[in-house]
Every structure is written in C-alpha cells, then in structure tokens.
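The values are calculated or read from the model by the stated rules, or taken from the named source; none is laboratory data. The structure presented is a predicted model; accordingly, all values stated were derived computationally and were not measured. Note that each Cβ is placed from the backbone with ideal geometry, even for glycine, and that neighbours are counted across all protein chains shown.
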C-alpha cells in the first residue's frame, strides 16, 4: 500500500480527491461582490417562502421586492407613492378605495398584470399564511372594474390600508404560477429581478438577474442581485472585512467600529423599542399590576440611561413611549416621563399597598444574552419587587401570548403607521395585548382616531392616546434601539422608516 | 466477505430506524411551538392553531412518525415547513459542499498525520517532542478559533483566500480552492493531532517487534522496512481513528460552515433544528446517518484489506 508513493503522486491524489468531492457540489452565489452592476447584500434571515400570499416582510423584504411589484410604494419619508397603481382615491366614508392600474406590466412568464390578477392576489393574501395577513383583515371585497381599474371595499375605516399595499399585502404574483409545485422556491412576479434558481441555495444564498422587460427601468440599478444569509455575526463581519458584500443589515452593534474601519458607512435607524411589557393590567395573574401606581413604580425603578449603556452599548435613545419620533403621536416630552427615581417608586408602591414589595413572574430567554436578566432583577429588587424568572426556551413568545406571564421583557418593532402600532400593541384585539385588556378611554380615543375627518383631528386623537397609555404605564420602555445598516464605499442607500431593511430600489451605485 | 457486507448493511438499516425514531421524539420534545415559530410573533393564536392543523401537528405523535416513515420509505422526505424547499433537493444541493470539506480534511489529515507520526516514531528525540507538542496544541485549540484566526491572517490581511462563501468546482476551480482551503485546514488540525499520535504510537510499537528486527538483520533498507512492513501493520488502528474522525468532522463542519458562511449541511442543520423544521431535520439525520454507515463499512473493508486477521475474525 505504501510502496513508492512519490510526492507528486500524493499531491495529485489529494487534488483529485478534493476535486472529485467538489465536482458534485452545488453552485452558489459565489463570494465576490462583483463590480457596480452586481449588488450583493447581507441579510440575517433566509426567505420564509417566495409565495407572495405567504411572505414575511421587515428583514425579509428584499426577497419579495426583488421579484414582486407592489400596488403602491413608500418613499424614504414614508409617503405613499405610485407603483403598479398610478392613482387612488377613497370615497367620502373612506370605506371604498378605487385604484387605477398600469396597463404595460407583464409577469416574467409573459402573462399580463391587470385588475383581475390584483384581485386574486389580494384575496389570496387575506387567507394566506403570511404573518401579516391581518393587514387585509378589514378588506370586505376586491373587484376588477375593468383591466386597469380595481375597487376595494373595506369593512371599516383602516388608516393603515394604503401603507399595507406598499408592503407584502400589496405584492403581486402571476396567477398563472399560483399552483406551480415549486411556487415556494421559484417565484413568478413582475418585479425588477428574476430568480436564478441554478445559482441559488435556498436558505443561504439567493441569486437574481435583471428582468429585461421591467417597466420601471429607473428603479433597476443593477444587472445582478445576490442576497446572502449570514447566521453568524462573525461571518458577516468577515464578509465585510473581505469586502465581499455591498451592504449588510448588522445583527448587533458589537462590531460597528471594526466595520467603520473597513471603509463601510453606517446608516442608523431606530426600529424597535425595548423594555418591559406590563401586560396583566387587569391583575388576573398578578393583582399588583392592576394598580396604575405599581406600573408607574416599575417605570421609575429603571435607570434607562444606564441600561442603554450596559445592555444597548449606547446605541439608542432613552424613552418612556412606544411611538417613534416619525409618528404624529410622538411627544418628545414623554421620552423623559419616568426618570430613574427609586424614592418615588417606593412611595408609589407604598401608596398602592405594596410597601413590602411583591413577586413578579416573567419568562426569560437565552437569546437576550446573559446581562439582561440580572439587570432587570436588580433594578426591581431595589424597589422591593422580587423577579421570578422561568426559562421559556423556544416557547418564549408563545408563552407571552398565551398569556402565561403578567409581564415580560421584549423588544418590539415600531411600525411605520400609528394604526399598525395600535393594532399591534394597544387595541383590545392587539397581538401584544394577550389579556385582551380593554380600557374605555383607549377604545374611545381609537374610535376618535378612526372617525377623524381630517388629519389634525386624527393626530390629536392619537397624541392623546399615546399620552394616556404612557400615563397609565401600560409598558415600561427603556430606550429605542438603534440598529445599523452598513454600506461599502461603492454603494449608497437610505433607511426606510418603520422597516428593518432598506427598500431594494433605494440601493444605488455611488457617484 | 459478501455475508460480512450484508450483515453490515442490515445493521446500518436498523441503526437508521433507531436514530430516526429517537430524533423524531427529541424534535417534538424540544422544539416548542413550531407553528408559532413559522408564523412569527405577530400572528394571532387562531392563525397558529390553523397552522398546527395544516401541518398535522395536532395528530398523535406515533401517527405523525409512521406517516413520515411511510413516505420516507417511498423516497418522499417531504418539504421544509419554513422554506418550502423539497428536503431531498435541499440536502442534495448541500451534501457535496459538506463532503468536499470533510473529505478534503480527511485526506489532509491522513497525509500530514502519517508523515508526522512516522517521523516522530523513527527519529525519537527532539523530533518526537516537537511533534507531540504540536499535536497537543492541535488538540487544545478549538476549531472555531483556528477558523477565525485563519480568516484574519490569510483572507483579510493577505487576501489569498475568500473569507466567506463557497464556489462550486464546476463553476470556477480556482474560486473553489480559494473558498475551501481555509475551512479544510480549520477542520483538519484537530484530526491531525489525534491521528498523528495514533500513528506515532503504533509505528513505535511495531518497530520494536521481532519480525522487524529479523527483516533488518536480513539487510532490508530501513525505509523499506518502515514503509512496506511496519506502516502496514501500524495502519490498522490509525485507520480506525480516521473513521471516527470522519464522523466527528461532519459535526465539526457545523461550526466551520457558520464561521465561513458556507451553504453546507451543517449550516442548514443548525437553523432547521432550532426552528423545529421536522421534515428537514429528519432528512438531514437520514442523510448523515447513511454517510456514517457507508464510511464505517468502507473503513471495515479497508481494515480487512490491511490486516487479514480482521477478515478471519
């Protein structure tokens, strides 16, 4: 066996063995970021699916925006602008929306986009598996008046509806491809790019080529698009240092200095707020939380600036409200509503009958890191509240929503419209109101907001709602989390208000 | 020999059944609310309940398992609950990537470990000490740390290799070499330490035996005695360690693939397991267990070829 194996022979054997293994290898998006005509972006999540009716948004938005057009678009100020629909108008009661559609759009399989295709897409989304399918919960019906006119009727006024049509609810897939067996991994849309399935490894690297027949050439800035998934922050850092990607959503802020020293620019954006959710406002699991003074005491117990430094590494802005500065409901004065004041917290607890404190059960998750829970426990212990933590494992979110705990730490996204925030965190049916807590004043303010006949009345209602919720201490926010998007010197992009990832058409070669 | 192979294949099939059953149970115990994981935090409880029904998660565990097993026996491993990708296609597109790393690492391990082991056994003295010190270092330094260090030096500073990603050999042979070299080295270092120690010990032992002294007294050149006779007899235990290394490297590839952002089995295994993507994890388990069974069979056959006593036993 070991007879006269010359060195060259050994080398050739090694090369052949490695090559033989590599020959069967699947192709991938490669590792080069390419020239100005290839855009390679780093993402932190893979695409859940490419079926338009089931798609997620936020960090997954580039996947959908690569292959699908939306009925409407949002610009970088959050203003709704034309896309497949060129004009739109509500009736007087704001329960019927009429849209005029483009007549020159074709899906990449050659079939035409028209009002009938739009109706089919909207109805599929409404009953699909998208986590955002509630966006169309108020849609009563959608009808094709003629090929270029679409009429949508609503069950009730929905101030967020136009915005939903700029996101995944407005994505239009080819009806001819709805039932294709590979619909989840081989999309057919009318968007700026077409998936190159031969060079895509689902879950890791997605390659798209320019759609040669795209109707909006001004939005097509590249010939090729590669979306690469980085599950590991170190891998993403290495890709940045090796200049393999043009842009990347950073998983955390741990490597910001190293990324900047590699010549990348950081685009800052506040996308989430973080703090405690004081969910059991009716005191069903923990009677103490029914008393507003107890909830206020919890707010006073936290040194938010110290938490921002210790846990958020300084990337964020201290606040006591859940509405972002881009919202009409935002009131800068509310950011400092609850300063760190242990004496005040103790006095409020004593007034509420909890001078000796009480025990507060909360779920914990290892995903939050090791520093968070000791900080929470110590802060509340300082005012006499004993935190009882239970590791919820992978059931962290389900247990909060079950609801199994009266309160929990969490970072929640700050949606782009007030209506989305209301439906996400405040209304009796909101996802993060798991106890279905109903406050007549909150309900009245939501009603006033919905029935407002002009913008100033809507703004007044939602501002009052925000102030009331902060006064009632429904939450104990600490700070708005600043996340960063890195771009190389060859690429420019603007952040998208209310979305975790910049919109795809806003990426442009610099200069 | 045929009976030996058939017995091994039979044992492999039983092993696959046991492993798939245990994995299935573990997945359901440890995955939490899979439907919630799929739909995300904004989904309502009603949507989550509907998703559970669609996936058949509300059926008895045994029914779910035997449904999966029945389909698997017909070659249908299903589709990922998260991406919709067919499990067979997902694994096929990634298995060659992982194998190119693992086979590359095994070849590098075998060559370097043999050279180091024989060198240390034959030369003794300072050479032996240096080789032992190097192997201890190889044991002590974690693979991921080596991977990170290699990237920093050879990919980012010297720019000889790509820091992340994978290029198929058929697309670009040079690009392929630039993407697999560092991961292969990172994977191989631990194995080299282990196998080199084994080779050193075995060769030292064999060189002390009477038949080696007899061969030398008959005037055979030392190199021929070492490489033709001693190494063949010492190869058997080293081969066994190499077989174990191969299985270990499949696990090690998980970390290396993440550090280098390589789209292999390890990369998908971590994501699928943490999400509770039952069809994908089950498919991966079947694929990896099959690879392990085949590798063990090959090692057994090689052992028999190297050492006739093994065949007789």
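Looking at (1) more than 30 Å from the chain's Cα centre (by Cα); (2) not in a helix (DSSP H, G or I), find the lone condition where residue B:76 falls short. If we test residue B:76 against (1) more than 30 Å from the chain's Cα centre (by Cα); (2) not in a helix (DSSP H, G or I), just (1) comes out false.
Among the residues that make up the stretch B:293-301, is at least one of them within 11 Å of chain A (Cβ to nearest Cβ) and assigned to a helix (DSSP H, G or I)?
Of all residues in the stretch B:293-301, those within 11 Å of chain A (Cβ to nearest Cβ) come to none.
Checked against the condition, which is being within 11 Å of chain A (Cβ to nearest Cβ) and assigned to a helix (DSSP H, G or I), the stretch B:293-301 yields no hits at all.
Of all the residues in the stretch A:183-233, those that are surrounded by fewer than 18 Cβ atoms within 10 Å (Cβ to Cβ), outside any loop (DSSP other than H, G, I, E, B) and over 24 Å from the mean Cα position of the chain (by Cα) number 6. Does residue B:164 satisfy the condition of being within 11 Å of chain A (Cβ to nearest Cβ), crowded, with 23+ Cβ neighbours inside 10 Å and assigned to a helix (DSSP H, G or I)? So residue B:164 fails the test. Of all the residues in the stretch A:279-292, those that are buried (at least 23 other Cβ atoms within 10 Å of the Cβ) and either on the phi > 0 side of the Ramachandran plot or part of a strand (DSSP E or B) (or both) number 0.
Do we find a residue being more than 14 Å from chain B (Cβ to nearest Cβ) and either closer than 24 Å to residue A:138 by Cα or assigned to a loop (DSSP other than H, G, I, E, B) (or both) anywhere in the stretch A:393-402?
Keep residues of the stretch A:393-402 that are more than 14 Å from chain B (Cβ to nearest Cβ), which gives none.
Taking every residue of the stretch A:393-402 in turn, none turns out to be more than 14 Å from chain B (Cβ to nearest Cβ) and either closer than 24 Å to residue A:138 by Cα or assigned to a loop (DSSP other than H, G, I, E, B) (or both).
For residue B:152, indicate whether it is assigned to a helix (DSSP H, G or I) and surrounded by fewer than 16 Cβ atoms within 10 Å (Cβ to Cβ). The answer is yes for residue B:152. Please note which helices (runs of 4 or more DSSP H) are completely contained in the stretch A:411-511 and include at least 1 residues that are more than 14 Å from chain B (Cβ to nearest Cβ) and at pLDDT 95 or above. Ranges flagged: A:440-451, A:455-471. Exactly one residue out of B:97, B:108 is under 30 Å from residue B:132 (Cβ atoms), within 8 Å of chain A (Cβ to nearest Cβ) and touching a residue at least 60 places away in the same chain (Cβ under 8 Å): that is B:108. Put simply, of B:194, B:202 the only residue that is buried (at least 18 other Cβ atoms within 10 Å of the Cβ), under 25 Å from residue B:299 (Cα atoms), away from chain A (no Cβ under 11 Å) and at pLDDT 85 or above is B:202.
Answer with yes or no whether residue B:169 is touching a residue at least 60 places away in the same chain (Cβ under 8 Å), within 11 Å of chain A (Cβ to nearest Cβ), surrounded by fewer than 22 Cβ atoms within 10 Å (Cβ to Cβ) and on the phi < 0 side of the Ramachandran plot. Walk me through how you get there before you give the answer.
On the way: touching a residue at least 60 places away in the same chain (Cβ under 8 Å): yes; within 11 Å of chain A (Cβ to nearest Cβ): yes; surrounded by fewer than 22 Cβ atoms within 10 Å (Cβ to Cβ): no; on the phi < 0 side of the Ramachandran plot: yes.
Here the answer is no, as residue B:169 does not meet what is asked.
Residue A:176 fulfils the conditions (1) away from chain B (no Cβ under 11 Å); (2) surrounded by 19 or more Cβ atoms within 10 Å (Cβ to Cβ) except for a single criterion, (2).
Residue by residue through the stretch A:111-145, note down the ones that are farther than 30 Å from residue A:431 by Cα and either within 14 Å of chain B (Cβ to nearest Cβ) or in contact with a helix residue (DSSP H, G or I) (Cβ under 9 Å, 6 or more places away or on another chain) (or both). Reasoning before the result, please.
Just the residues of the stretch A:111-145 that are farther than 30 Å from residue A:431 by Cα, to begin with: A:111-117, A:144-145.
Of everything in the stretch A:111-145, those that are farther than 30 Å from residue A:431 by Cα and either within 14 Å of chain B (Cβ to nearest Cβ) or in contact with a helix residue (DSSP H, G or I) (Cβ under 9 Å, 6 or more places away or on another chain) (or both) turn out to be A:111, A:116, A:117, A:144, A:145.
Scanning the stretch A:236-255 for residues that are in contact with a helix residue (DSSP H, G or I) (Cβ under 7 Å, 6 or more places away or on another chain), within 13 Å of another protein chain (Cβ to nearest Cβ) and surrounded by fewer than 24 Cβ atoms within 10 Å (Cβ to Cβ) yields A:241, A:242, A:251, A:255. For the stretch A:42-95, a residue qualifies if it is within 14 Å of chain B (Cβ to nearest Cβ) and assigned to a loop (DSSP other than H, G, I, E, B), and the qualifying residues are A:44, A:45, A:46, A:47, A:48, A:49, A:50, A:51, A:55, A:56, A:57. When B:62, B:50, B:6 are screened for being out of contact with any helix residue (DSSP H, G or I) (no Cβ under 8 Å at 6 or more places or on another chain), surrounded by fewer than 19 Cβ atoms within 10 Å (Cβ to Cβ), part of a helix (DSSP H, G or I) and at the interface with another protein chain (Cβ under 10 Å from one of its Cβ atoms), only B:50 passes.
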